[in-house]
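See below for the structure under consideration.
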Amino acid sequence: MKIKKSNELCAVVCFFDAYPATTGAGTVSYDFFCSLPYKNKILIQYYKKEIIKKKIKSIIIFKNKIFFKILFLPFMLYALLDFFKKKSSKKTLFIEGASWSFYSFFIIFFLQFLKNITIVYRSHNIEWEIRKENSNILIAYLTNFFEKKICQMCNIVTSTSLVEKKKFFKYYRKETDLFPNSISFDYLKRIKSSKLKSTPKKFIFYCGSYQYKPNKIAINCLINKILPNLPEDIYLVITGDSDFNFNNKRVLNYGIVKKSNLKFLYQNCISVVAPIYTGYGTRIKFIEALFYNCPIVTTKKGFEGLEIYNNNVFICSSPKAMVQKIRKIKNKKRNYVKKIINYSMEYNTSRFISRLSSVKATNI
């Protein structure tokens, strides 16, 4: 589905680094921005340094901490007002909701009064669920309050899965549009595979930063409960925004790698193995893995939100069951599975923009 490019003004806001992306949220947000069919568009992001790239504006913050993010919100607001002052009969603002809800509330509160603007909040998860598990009571309460206000103020709120769509209605009585977390299939097709010199012949793979609590729990489980019960010639390869040294000769942590290296790892590992028992949102790593026909061994919680059923996905209830599954599939040829179009960013953005064009912009 192709859409003619529009002349209206469009801004995408990220309170994190979307370009160059180092996280799943960043990848999703930048792929979305690239797929938008607008000539006059801009991505405004928080970043640690200036990025010289057309149509990208970085608000430079000293540290990636809540104090500095709040401190620089007026600068983000000014950049948006400066962009939207251009003459246009239509304006669209997309807020990427992968950060604390107060940041989004602040921007939406002031910009909702602009004429002819449509505001879309693209949720990546239910922010309140994250904060009530990982923050203090006050932050959790405020998150719930601001997320509810966001639902009231925006023209459209999206959810990433049917599970979260139901939760938005349960918590906030908000009917949301379904927009699955997606990635650019066009971009993945263009990537050339590139081997890392030290890559072992046999390995299981986990993609995710050790600094993120759900990833830390999963990686510890891999190292302590799964890897010791696999043959000694099988290694564990980890990538992500962390240089942590695990002091284990069978654990290789490559940190942040190029997309070409990531493709090689997906295509040559025995399986992506993810013993995830807590966490939020859709795992972008799984969509990438499925695109490359890579087997996935994970839990029901790990695969939550993905409506994909094929013979490359193995749902296990315990680390012991995962070990048995890895042993069973380690020498099997890979199954070729047709690409999952429902998680193509190009496909989902086209569908959403068609829907958006029918929504009349109003001052809320």
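Numbers at a glance
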item: Only listed residue being crowded, with 19+ Cβ neighbours inside 10 Å and within 22 Å of ILE353 (Cα to Cα), chosen from PHE179, PHE205; result: PHE179
item: Single match in LEU114, LEU81 (criterion: of a type outside the set (D, E, K, R), surrounded by fewer than 20 Cβ atoms within 10 Å (Cβ to Cβ), modelled with pLDDT of 90 or more and in a helix (DSSP H, G or I)); result: LEU81
item: ASN136 surrounded by fewer than 19 Cβ atoms within 10 Å (Cβ to Cβ) and of a type outside the set (A, V, I, L, M); result: yes
item: Within the stretch 304-329, tally of residues that are at pLDDT 85 or above and within 23 Å of LYS259 (Cβ to Cβ); result: 2
item: Among the residues listed as SER271, SER344, the single one being touching a Pro at 6+ places or on another chain (Cβ under 6 Å), modelled with pLDDT of 80 or more and crowded, with 21+ Cβ neighbours inside 10 Å; result: SER271
item: Hits in the stretch 84-97 (condition: of a type in the set (Phe, Trp, Tyr) and part of a strand (DSSP E or B)); result: PHE94
item: Of all residues making up the stretch 117-133, the number that are surrounded by fewer than 19 Cβ atoms within 10 Å (Cβ to Cβ) and without any contact (Cβ under 8 Å) to a residue 60 or more places away in the chain; result: 1
item: Flag for PHE16 being surrounded by 23 or more Cβ atoms within 10 Å (Cβ to Cβ) and either in the same structural domain as LEU73 (by TED's automatic domain parsing) or of a type in the set (Asp, Glu) (or both); result: no
item: Residue within the stretch 76-83 that is farther than 24 Å from LEU36 by Cα and assigned by TED's automatic domain parsing to the domain that holds PHE15 present; result: no
item: From the options ILE60, ILE52, ILE42, ILE66, residue that is of a type in the set (Val, Ile, Thr) and either surrounded by 15 or more Cβ atoms within 10 Å (Cβ to Cβ) or closer than 21 Å to LEU111 by Cβ (or both); result: ILE42
item: Top-ranked residue of the stretch 209-252 - restricted to ones that are of a type in the set (S, T, N, Q), loosely packed, with under 13 Cβ neighbours inside 10 Å and at pLDDT below 95, ranked as nearest to THR278 (Cα to Cα); result: GLN211
item: Single condition ALA18 does not satisfy, out of (1) more than 17 Å from THR349 (Cβ to Cβ); (2) hydrophobic (A, V, I, L, M, F, W, C); (3) not in a helix (DSSP H, G or I); result: (1)
item: Matching entry among ASN40, ASN64 (being assigned to a strand (DSSP E or B) and under 20 Å from TYR19 (Cα atoms)); result: ASN40
item: Given (1) assigned to a strand (DSSP E or B); (2) of a type in the set (A, V, I, L, M); (3) touching a residue at least 60 places away in the same chain (Cβ under 8 Å), index of the condition VAL157 fails; result: (3)
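The values are calculated or read from the model by the stated rules, or taken from the named source; none is laboratory data. This one's a predicted model, so the numbers in the text were calculated from it and none came from an experiment. As a convention, Cβ positions derive from the backbone with ideal geometry for all residues, glycine included, and neighbour counts pool all protein chains shown.
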